[in-house]
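The values are calculated or read from the model by the stated rules, or taken from the named source; none is laboratory data. Just so we're clear, the structure is a prediction, and the values are computed from it rather than from any experiment. So basically every Cβ, Gly included, is an ideal-geometry build from the backbone, and we count neighbours across all protein chains shown.
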Amino acid sequence: MKNLVNMKPVSLWMGIALLLALMLSACGGGAPAATTGPTYTAPPYVADNATLPSFGFGSATEDPPAETGTAEGFVTFIGDGFAIDLPESFAEGGQTELSFGAILTNDGINLAVEKFQDSSLEAETLKSAASVIGEQLENQEGVTFLEQQSLSGDEFDLIRIMVRIDESIAGTSEPMISVSYLIKDGDTLWTTVFGIIESSLDSWIADFDASAMTFRLTD
């Protein structure tokens, strides 16, 4: 991973470095061979910030996912101060708890939730924090920035970031897609990261969105 260029407080950049590491680790190893299905192609988007010409924000154009929480086919997972509803296949092993940084695997799909807390985040908006992360993703060898989308969840607004990770980095037979959902609450940045092989993304992205939108704090 290339070095970060420090244009923000050091503590914030340490958190971003940890987030990038999490995104990569959530896509590393253990994925099955590609299942039959179309390859995901990111939709076009237009930059809305002149200082960031290479990537920008859009609004998700797909139909909104089914309402979650008590939705059929979803199970509530509890973590340290948060809860999120995931497809019930994630609970087939009987586990319904999440630990920060731990990788939860479901049929080749990897999931991780992390929290970064620092006073420097108070001065950032969700959009500005995501822009910093996007800038760094474009600078990572073997990582291709695909898209950045704004979503509205049950309790928080989210930003979804998708990147493609080369096989050589992911250690898989085909590229992996990292789908990260960012939530900001005061001085805290929460991220939910799904890692999945590229050819399987289309059949799961609606469930990923639906799950991320249910993220809520429990403390």
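Tabulated data for the structure shown
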read-out	value
Segment 72-99, subset buried (at least 16 other Cβ atoms within 10 Å of the Cβ) and part of a loop (DSSP other than H, G, I, E, B), residue modelled with the lowest pLDDT	Leu98
Flag if Lys115 is of a type in the set (D, E, K, R), under 14 Å from the mean Cα position of the chain (by Cα), under 19 Å from Asp187 (Cα atoms) and surrounded by fewer than 20 Cβ atoms within 10 Å (Cβ to Cβ)	yes
Test for Lys184: is it of a type in the set (Lys, Arg) and either on the phi > 0 side of the Ramachandran plot or modelled with pLDDT of 90 or more (or both)	yes
Count of segment 137-175 residues which are buried (at least 20 other Cβ atoms within 10 Å of the Cβ), over 15 Å from the mean Cα position of the chain (by Cα) and not aliphatic (A, V, I, L, M)	2
Selection from segment 169-219 of residues that are farther than 19 Å from Ser89 by Cα, charged (D, E, K, R) and in a helix (DSSP H, G or I)	Glu198
Any hit, segment 156-168, residues being part of a helix (DSSP H, G or I), out of contact with any Leu (no Cβ under 7 Å at 6 or more places or on another chain) and farther than 22 Å from Leu86 by Cβ	yes
Only listed residue being more than 22 Å from Ala210 (Cβ to Cβ), part of a helix (DSSP H, G or I) and modelled with pLDDT under 85, chosen from Gln140, Gln136	Gln136
Residues that are in contact with a Lys or Arg (Cβ under 9 Å, 6 or more places away or on another chain) and more than 19 Å from Thr214 (Cβ to Cβ), drawn from segment 102-126	Ser120, Leu121, Glu124, Thr125
Boolean, Thr68 is under 20 Å from Thr218 (Cα atoms) and at pLDDT below 85	yes
